[in-house]
1. Separation of the range A:115-130 and the range A:28-47 by C-alpha centroid, Å?
2. Cα-Cα pairs above 36 Å in the protein assembly as shown: how many percent?
3. For chain B, the longest stretch holding no GluC sites (Glu not before Pro) located in a DSSP loop with at most 13 other Cβ atoms within 10 Å is which?
4. Once you charge only the Cβ atoms, +1 for Lys and Arg and -1 for Asp and Glu, what is the size of the charge dipole of the range B:76-161 about its Cα centre, to the nearest 20 debye?
5. When the helices in chain A are scored as -39500 (n - 2.57) per DSSP H run of 4 or longer and the sum is shared across all residues, what 222 nm value do you end up with, to the nearest 500 deg cm²/dmol?
6. In degrees, nearest 10, range 0 to 90: what is the angle between the Cα axis of helix B:271-284 and the longest Cα principal axis of chain B?
7. If I compute solvent accessible area with a 1.4 Å probe over the protein chains, what percent of it on the protein assembly as shown is carbon and sulfur?
8. Using modelled amide H (1.01 Å from N, peptide plane; none on Pro or chain starts), what sits under 5 Å from the amide H of A:ALA20, excluding residues fewer than 5 places away?
Amino acid sequence: MMQITFKINGESITQEVKPALLLIDLIRDHLKLKGTKPGCLEGECGACSVIVDGEAINSCMYLAINVNGKEVITIEGLGDHENPLDNVQEKMVEHGGVQCGFCTPGMVMTTKAYSDKCKKKGITPTREEVKKSLEGNLCRCTGYAKIIDAAEAVYEN
Amino acid sequence: MDFEVINTTTSDELLKAIAANQNSNFRIGAGFTDLINQLKKQNTEELTIINIAQLKDEAYTQIVEEADGLRIGTLATASDIVDNNFIRENYPVLHQAASKLACTQIRNVATLGGNICNVSPSGDMTASLIALKATCHIVDCNGGERAELLSDFIIGLKKTTLKKNEIIKNITIPMNDHHNIISGYEKVGSRKSMEIAIVSLGYHIQMNNDGTITDAGVSCGAVAPTIPFATSACDFLLGKDIQDLTEADKEEFANKVMEYASPISDVRASEWYRKEVLFNLSQTIFS
Ligand SMILES: Cc1cc2nc3c(=O)[nH]c(=O)nc-3n(C[C@H](O)[C@H](O)[C@H](O)COP(=O)(O)OP(=O)(O)OC[C@H]3O[C@@H](n4cnc5c(N)ncnc54)[C@H](O)[C@@H]3O)c2cc1C
Ligand code: FES
Ligand code: FES
């Protein structure tokens, strides 16, 4: 077993984990945060996307021990009491970007990381750039147009 | 999946871990985007992973401009490369290869050294570095160092010259002699995103102010067991004036690139298709 200390959704925690444990299993099975979805478990679909130190990553391709000293944000970490939904989630609702919802947490986390980065740099991405930012997220239901509309609307004031 | 992990945070710890495991079964783990899918398919009970994902040593992590070229740490991720302005301006072939690799989530963790050491004929960053005549800097667990041209380092399908007691520390790319360059990375897959190349072509061609070609590097991905550097195609270009290249010259260049292609037919594409695509890509880089 190895000991790791990291932040999850703002809270600092220490855990004993098996060295081969994947981050997705730490999040879902140990921490019982079921919003992060297991899809392909091979890095192809993005359903398991979470944010580690500001960057979206696939939690199915990441060893849990490698979040030691880092900050992890899952879908449960967006929003708070006053604003239960993050801006990205609100846009997904407004634009009807959710059908079965399985891909949604991954779509939201990827868009959240990308839009925070764009805002920091003071840039508004083109629709093509928004599309490219979501190239690692698959959706079986929507046909993508509404998800991309929602992701683009994040940059409206 | 079950295995032991030795975590290393300094180069000293890393070299000691490699030395201590010379008689056991170990693998280096960097971004794990190739490893995890591989380890899930094999028995890993006797396996130790030497984890370098948390290594803090700058020689392994940083991208540094030096007098005679650029040094990129083995742990630089595809995203680090995409975001680097010096690379974008001076080595478009590498910038484009990194930005065409998988997707954001993978690029954020996939390392340069992992791409090289996975030794796939369709490794995108590797293919671009072969066109750039990059050199690998390798250390062994006794502190010894050696340097080898990347195109010599890869000797066959899944084979490199790396010994069990060695690890890649960083790679260097020679500085451009001229600002006048034609440089890019063409990747053809069966869809635009998240696709392993069916064929790729990396090219980095330098001209002096008169337009005379003074240096050329061309590599072909996914058409042979290794990623060949197309020497005869490059030699053919040297000394020619870029403005005077005729259609016949472009065709001859493409034919010379083709000498390096010995593709296979597999589920993703036939041998015939791969050759056609490579030929067409080779002709279009000058237009
Ligand atoms: C969904 C998906 C899509 C992908 N798409 C692409 C793509 O489009 N193009 C592409 O090129 N690749 C692609 N890949 C493959 C992979 O992401 C890349 O090859 C990546 O660069 C590997 O880096 P890593 O750090 O994750 O390597 P790891 O998985 O950590 O390691 C890979 C290999 O390199 C060895 N290694 C790592 N670092 C060193 C070192 N410093 N010295 C010696 N050995 C070392 C490891 O032991 C292992 O054998 C894809 C993978 C997935 C899962
Ligand atoms: S479940 Fe991780 S990418 Fe599909
Ligand atoms: S809404 Fe069903 S997979 Fe995207």
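1. Taking the Cα centre of the range A:28-47 as reference, the centre of the range A:115-130 is 26 Å away.
2. For the protein assembly as shown, the share of Cα pairs beyond 36 Å comes to 31 percent.
3. B:47-258
4. Using Cβ point charges on Lys, Arg, Asp and Glu, the range B:76-161 gives about 260 debye.
5. The helix-only estimate for chain A comes to -8000 deg cm²/dmol at 222 nm.
6. 60
7. Heavy-atom surface of the protein assembly as shown belonging to carbon and sulfur, 1.4 Å probe: 48 percent.
8. The answer is B:PHE3.
The values are calculated or read from the model by the stated rules, or taken from the named source; none is laboratory data. None of the values given here were measured: they were computed from a predicted structure. Ideal geometry is used to build each Cβ from the backbone, glycine not excepted, and the neighbour counts take in all protein chains shown. Accessible surface areas use protein heavy atoms only, side chains included; no ligands, DNA or RNA. Shrake-Rupley method; radii C 1.70, N 1.55, O 1.52, S 1.80 Å.
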